[in-house]
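> I have a structure here, written as structure tokens, and I will follow up with some questions on it.
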Amino acid sequence: MDFIPLTEGVEIKVGDAILVKRGDDEIVFGKVAVHTQDNEIVYNKKKNQYFNLAMYLSGHSTHKEVYIIK
């Protein structure tokens with residue numbers, strides 16, 4: 001199992017399994033459910049958990065680390 005850091009140039013798509021570190025110590029596992037035109041990556045529809053890809057890549061997101069699991 002490989003953990004690929006989500007960085008500029010790494011493609012993320014619907015169905016990808018991801019590991020997300022939010023805040024200081026909260027770690028969440030999810031599967032990309034939706035990738036919108038506005039760069040929102042929804043990984044838990046039921047709990048409305050998502051992040052904005054552009055904000056994450058620029059360091060302005062509450063999501064500190066995102067890894068794609070292959």
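The values are calculated or read from the model by the stated rules, or taken from the named source; none is laboratory data. Computed from a prediction, not measured in an experiment: that's the story for all the values here. Quick reminder, even Gly has a Cβ in these numbers, built from the backbone with ideal geometry, and neighbours come from all protein chains shown. Note: accessible area is taken over every heavy atom of the protein model, side chains too, but ligands, DNA and RNA are not part of it. Shrake-Rupley method; radii C 1.70, N 1.55, O 1.52, S 1.80 Å.
> Using Cα positions and a limit of under 18 Å, work out the lysines in reach of residue 21, with same-chain residues fewer than 8 apart set aside.
Candidates past the 8-residue exclusion: 31, 45, 47, 64, 70.
> Averaging sequence separations of C-alpha pairs under 8 Å and six or more residues apart, then dividing by the length of the chain, give the relative contact order as a whole percent.
Values: 130 pairs, mean separation 28.4, N = 70.
It comes to 41 percent, rounded to a whole number.
> Hey, any idea what % of segment 1-47's accessible area is carbon plus sulfur with a 1.4 Å probe? Please report the intermediate quantities before stating the final value.
Details: 1660 of 3380 Å².
Here carbon and sulfur together make up 49 percent of the probe-accessible area.
> Here's a follow-up. What net charge do the residues around residue 49 carry, taking every other residue with its C-beta under 14 Å from that of residue 49, with Lys and Arg at +1 and Asp and Glu at -1?
Charge balance near residue 49 sits at +4.
> Let me ask something else about it. When the helices in the chain are scored as -39500 (n - 2.57) per DSSP H run of 4 or longer and the sum is shared across all residues, what 222 nm value do you end up with, to the nearest 500 deg cm²/dmol?
Value at 222 nm, helices only: -2000 deg cm²/dmol.
> I'd like to check one number: the per residue accessible area of the chain, probe 1.4 Å, reported in Å² as a whole number.
That works out to 67 Å² for each residue.
> Now for a separate question. If I model a spin label at residue 27 and residue 67 as a point 7 Å from the Cα along the Cα→Cβ vector, what separation in nanometres do I get?
0.7
> Please go through the chain and write out the GluC sites (Glu not before Pro) that DSSP classes as loop and that have at most 13 other C-beta atoms within 10 Å.
Filter output for the chain: 8, 11.
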